[in-house]
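Below is one structure, written out as structure tokens; comments come after it.
No value in this document is a laboratory result; all are computed from the given coordinates. Quantities reported herein were computed from a predicted structural model and do not represent experimental measurements. Neighbour counts run over all protein chains shown; Cβ positions are idealised from the backbone, glycine included.
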């Protein structure tokens, strides 16, 4: 899986290409933790090129959300495909995390 | 305080005032007496407040007593008031004309007081009885109308639930289907239904509820709804009927029950699985072969007792095979001599026909039954449902894949890759592939991370079977006994702070797959996942 990080208007945008599952979740966690340690207060996770996410990936997102809640930061996620959206709905994550349809909408909401 | 009975009112009509005095003198204390000295005045008084009885002089100037009587009898508001003619002359011809006009009686003048009193009393009593009779008749008629209304409502409920449009699936050429239900006068409780449970599997239902009228119709509506909702996720007739019986028998205070035949036919392959719960055994008509009767029971009538595991049977239709389902309105149809139609006559009739198209079959069978019954009243609903396979049945092709994974997390990726290749070879869509990969990731992660104390020399076996847009995956490992589906569910309503990390994997597997199950088989955990790849 590829992880691409860019900065747009003070927001750290993390783009995933591939699958966020047991094998790739550790790398994702490590990259995001790197951002948090560097003081990132606004993180947008862009799932436009994400094929699917398993519970391992959900754990990373939840851990990130908890840390940012404590630090007062803001986490958003955008561009979920239909299977990823279904996973978020089943797990209840669509109600506890801030989702957006696309990157532009998400950035505007920060 | 003593009850005072309302006094009757009597109107006396006579052009001679002295005669009115005499009548008043005789009747006054017992009755309220009103007086009129001519016809028009009398009619006015009657119009204002109809009396209970009228004493009417015949010979009056202007309007005669006959004319007054005629007018009274012509008006429906006043025609019921008894009229007694008073006349000075005793002439039989006058009496005859008077009675012809509708008079109740005749008294000759000079009036004899006891006779007048007696006749008045008699006719008032008669009128009172008539009034009571009419009132009672009104009550009975209203009840009869209410019962008819109930029958109509029951009938409407029954009819509203039946698929009545034929052909119901004009874009499907694999089969033909036709049905009819001829209700008895009192709603008899028959029903039929058919619906697709997935792209190629058609569920056929026929049943007969024991209750009549509106309660029977409502019970039928409940039964039909339960069948439909249970069939939507379940392809096994035995399982559907078992579940419906559990639900129906649990909440059935009136102890109604249903005879039921339920079958699921794959219209591409001709495979037919069916369960008979106490219903009339159906027939199969085949080209050039003997009539077949599916004569066995898979369990009792449904709705009576819970805890019953129904069985199911399987057969394969050939092209042009016709299945005929029917209710006992057919076999128990009675003719005027009291004979029943019975299975023998039905079989004789079916044998006498060529393998008819489904629409002709149901109408011809109904005509045969009605011909037999002649003008005897139809005691029960008559229902017929015919299905025939019109194409050459296809062989079901199974696409299979067998994989083995070592107990190492890096194997998960390889497994998912191999599955993705298999999926693209056989046209399984992207969404289905994603769901399977997520499920395998979560389940294999669990097994690899927690299932073994020492990871060497263990192997996890996966088999995938893809047939008819249905994917069945089994995952077998000989690790510690563990049923992933037997664990507590995470609470998905908690907030970010409250949520625990963990437990989500199995929830995703359960919800993304169409069906999941676990078995412990000879020292191995066996998890089975089923996914219908076309929703």
- Please work out the C-alpha center-to-center distance from segment B:229-298 to segment B:146-187 and express it in whole Å. 19
- Can you give the average number of partner chain beta-carbon atoms within 10 Å of each beta-carbon in peptide A:86-93, as a whole number? 6
- Message: How much of the DSSP bridge set in the protein assembly as shown is antiparallel, in percent, rounded to the nearest 5?
- Response: 70
- Ranked packing of B:119-129, B:324-334, most packed first, by mean Cβ within 10 Å: B:324-334, B:119-129
- Message: So the label point goes 7 Å from the Cα of residue B:426 along Cα→C-beta, right? Which residues of segment B:366-406 then have their backbone N under 19 Å from it?
- Response: B:394-405
- Quick one: compute the contact order of chain A, relative version, from alpha carbon pairs under 8 angstrom and 6+ residues apart, as a percent. 25
- What is the distance, in nm, between label points placed 7 Å from the Cα along the Cα-to-Cβ direction at residue B:131 and at residue B:290? 7.7
- Message: Nearest 10 degrees is fine. How inclined is helix B:411-425 to the longest principal axis of chain B, computing both from alpha carbons?
- Response: 60
- chain B, relative contact order [Cα under 8 Å, separation at least 6], %: 9
- CD proxy, 222 nm, the protein assembly as shown: helix-only mean residue ellipticity via -39,500 (n - 2.57) per DSSP H run with n ≥ 4, per residue, nearest 500, stands at -12500 deg cm²/dmol
- Query: Label residue B:185 and residue B:152 with points 7 Å out from Cα along Cα→Cβ: what is the distance between them in nm?
  - Reply: 1.7
- If you take the C-alpha gyration tensor of the protein assembly as shown, multiply each eigenvalue by 5 and take the square root, what semi-axes do you get, largest first, in whole Å? 85, 38, 20
- Message: Between segment B:421-436 and segment B:511-535, how far is it from one alpha carbon centroid to the other, in angstrom?
- Response: 17
- Query: Exposure proxy check: A:24, B:363 ranked by fewest other beta carbons within 10 Å?
  - Reply: B:363, A:24
- Query: Let a ≥ b ≥ c be the square roots of the eigenvalues of the Cα gyration tensor of segment B:161-389; is it rounded (a/c under 1.5), or, if not, prolate (a/b larger than b/c) or oblate?
  - Reply: oblate
- Euclidean distance of C-alpha centroids, segment B:460-487 and segment B:333-369, integer Å: 51
- Query: Is any residue of segment A:37-53 close enough, with backbone N under 20 Å, to a label point placed 7 angstrom from the Cα of residue A:70 along the Cα-Cβ axis, and if so, which?
  - Reply: A:37-44
- Rounded to 5, percent antiparallel among DSSP beta bridges of segment B:161-389: 95
- Task: Return the percentage of antiparallel bridges among DSSP beta bridges fully within chain B, rounded to the nearest 5 %.
- Result: 80
- Query: For segment A:2-103, what Kirkwood radius comes out of the mean inverse Cα-Cα distance, in Å?
  - Reply: 13.4
- Task: Report, in degrees rounded to the nearest 10, the 0 to 90 angle that the Cα long axis of helix B:65-74 makes with the longest principal axis of chain B.
- Result: 0
- Note on the structure: For chain B, longest principal axis from Cα atoms; helix B:39-48 axis from its Cα atoms; angle between them, nearest 10 degrees, is 30
- Message: Relative contact order of segment B:9-133, please, whole-number percent, based on alpha carbon pairs below 8 angstrom and at least 6 residues apart.
- Response: 22
